[in-house]
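See structure below.
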Amino acid sequence: MAGWHIGVIGGSGLYDPGALDEAQEIPVASAFGEPSGPVVTGRLGGVRFTFVARHGAGHRLSPTHVNYRANVDVLKRCGVTDVLAISAIGSLAEDMAPGHFVAVDQIIDRTTRREGSFFGNGVVAHVPLADPVCPRLSALAADAAKAAGATLHRGGTYVAIEGPQFSTRAESHLYRSWGAQVIGMTAMPEARLAREAELPYALLGMVTDYDCWRDATADVDVTDILAVMRANADLAQTTLARLAASLPGERAASPIDTVLDHAIITPRDNWDPAAAARLDAVAGRIVSVVSNRGATSE
Ligand SMILES: CSC[C@H]1O[C@H](OP(=O)(O)O)[C@H](O)[C@@H]1O
Ligand SMILES: Nc1ncnc2[nH]cnc12
């Protein structure tokens, strides 16, 4: 059994992880282009945390233009074992009020304009995604949020829209009729990619608004969202500290750690060497043999 190394992807309003011991920015390049911004690593209560701000410093990247592949790839390259995403979310459910936290457990993907896989073009893989969220990490994060003082909902279906516009009222009602409880623009393809990289993924959403389905409230507005996020940023950082304090000393293996064992369908002899080489981090357990073989035969 090994130790924990938590990768944190901070969403709107959470542009830094708070006080990390021995914090340092580390230069790490991705085979999939530029990550959103600097990667900061450090320790919280003795546990290593590595942080990237999803929309970059100064929130320059829209949900469509975030390089989700590079973000997950650099976290994997840093040796992260698990990924906790923190996001601003709209509520589609009466009981999930602004200020509450939701440990999301299901996702409906309505995004259309994003690179959704590390694989393809020479190495094809099909990972299982029935449960896109890791129940162990999600429960730990939920407990930590509760201990930090958040009003916490365990479980909730998140509908990921392309954005950047918020939904129409008809869409908002439609998503409610589908059984979705919260809405955002970033959980996909992030959760897909974490699974492909064999990284257990959990998503803690901070409710910032009621989207636009609720007659009794004004329609969603970005200024209000950021005000709620700012009011909750400390709570998110305290949640991380609580999480660090509550992690078991040893990290027992997760089935997600080895999900690629039965997912790659392209026979090894047919792998495209360049495609395999790019997978040296996300699928390092599997492809390193081939990359090395390619290197020796040249
Ligand atoms: C700031 S309003 C919309 C914006 O906020 C959420 O971002 P994130 O998931 O990174 O916290 C939402 O998904 C949109 O990107
Ligand atoms: N209502 C909403 N729709 C989409 N993304 C959001 N992020 C925060 N609130 C949102």
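Numbers below:
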| item | result |
| --- | --- |
| Label-zone membership for segment 134-154, site Gln106, 7 angstrom Cα→C-beta point, backbone N under 16 Å | 134-135, 154 |
| Neighbourhood charge, 10 Å Cβ-Cβ cut-off, centred on Gly122 and excluding it, Lys, Arg +1 and Asp, Glu -1 | 0 |
| From phi via Karplus (6.51, -1.76, 1.60), per-residue ³J(HN,Hα) for segment 245-262 in Hz, x at Gly/Pro | 6, 9, 5, x, x, 10, 9, 5, 4, 10, x, 6, 4, 10, 5, 7, 3, 10 |
| Ascending count of other beta-carbon atoms within 10 Å, so fewest first, for Val74, Val124 | Val124, Val74 |
| Residue with peak Gaussian network fluctuation, the chain [Cα springs, cutoff 10 Å], from Leu193, Leu140, Leu75 | Leu140 |
| For the chain, share of DSSP beta bridges that run antiparallel, in % to the nearest 5 | 40 |
| Under 19 Å from the Ala274 label point (7 Å along Cα→beta-carbon), backbone N, segment 65-79 | 70 |
| 0 to 90° range, to nearest 10: angle between helix 135-148 axis and the chain longest Cα axis | 40 |
| Sorted by Cβ neighbour density within 10 Å, fewest at the top, the residues Cys134, Cys212, Cys78 | Cys78, Cys212, Cys134 |
| For Ala283, net neighbour charge (Lys/Arg +1, Asp/Glu -1) across residues whose Cβ lies under 13 Å away | +1 |
| Alpha-carbon centroids, segment 178-200 and segment 118-147: separation in whole Å | 8 |
| Distance from segment 31-52 to segment 157-176 (C-alpha centre basis), Å | 30 |
| Gaussian network model of the chain, springs between alpha carbon atoms under 10 Å - residue of Pro35, Pro98, Pro63 with greatest fluctuation | Pro98 |
| Arg113 paired with Leu235, simple spin-label distance in nm, labels 7 Å along Cα-to-beta-carbon | 3.3 |
| Size of charge dipole - the chain - debye, nearest 20, with Cβ of Lys, Arg +1 and Asp, Glu -1, no other charges | 300 |
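Read-outs: derived from the displayed coordinates by stated rules, not from any lab. This is a predicted model, so every value here is computed, not measured. As a convention, Cβ positions derive from the backbone with ideal geometry for all residues, glycine included, and neighbour counts pool all protein chains shown.
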